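Quick notes on the structure that follows.
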Amino acid sequence: MNRVAGSLDQRDTFEDVVLPHLDAAYRLARWLVRNDHDAEDVVQEAALRAFRYFRTFEGGNGRAWFLRIVRNTCHGGWKPIRTLTDPFDEERHSSDQSSNSPETLMLRTDAAARIDRAIGTLPDRFRELLVLREIEGLSYRELADVMDIPIGTVMSGLSRAREALRGVLGDELKRATTHERRVEETEDEGVVA
């Protein structure tokens, strides 16, 4: 059977279209709700919605279709059971388990924590754009489909999101540098006294 562009092939199943993207869905939900357990609940709810409405899937990009459901679930009727959140642990969620020196690992962890804090301070739309583009690797077209916005808005939004992230990271680095100088001055004064 030949596949017509944009139409669902009769052989496409829920398992083929949705299940390969569960990890991406979890990562997106994790960034949006900022809690491991709530992200699991969101993905489960989104998968149920995708299954329930799979007959409405008209073919095309299954990943974008499913991530849009995840995003809508996060912003829509889903309510978290808990209100407590825990910080995102980059080390635990990273698949790269190289054997670097403790100093290198500490610097990477510190940098990841700063980026996580910086992304966490951004408005939801900027955070979503950055996570979907930079972490999940969605194309501009996929982003437009997931977020239901024009591709030009995706590009300008990403530009503003990156600029905002640079600003937050710059401010954070300035604060850290100032703090380090104060600690050094305090240590130097303690040695002189």
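For region 117-155, the set of residues classified as under 11 Å from residue 67 (Cβ atoms) and part of a helix (DSSP H, G or I) consists of 128, 131, 132, 142, 143, 145, 146, 147, listed by residue number.
The conditions of being closer than 14 Å to residue 132 by Cβ, touching a residue at least 24 places away in the same chain (Cβ under 8 Å) and either outside the structural domain of residue 135 (by TED's automatic domain parsing) or part of a helix (DSSP H, G or I) (or both) are met by residue 24.
Residues in region 11-48 that are β-branched (Val, Ile, Thr) and buried (at least 19 other Cβ atoms within 10 Å of the Cβ): 17, 18, 33, 42, 43. For region 22-32, the set of residues classified as under 11 Å from residue 70 (Cα atoms) and more than 10 Å from the chain's Cα centre (by Cα) consists of 22 only. When region 119-161 is limited to residues that are within 15 Å of the chain's Cα centre (by Cα) and of a type in the set (Gly, Ala, Ser), the one that is surrounded by the most Cβ atoms within 10 Å (Cβ to Cβ) turns out to be 161.
The values are calculated or read from the model by the stated rules, or taken from the named source; none is laboratory data. From a predicted model like this one, the values you see are computed outputs, not experimental measurements. Every residue, glycine as well, gets a Cβ built from its backbone with ideal geometry; the counts of neighbours run over all protein chains shown.
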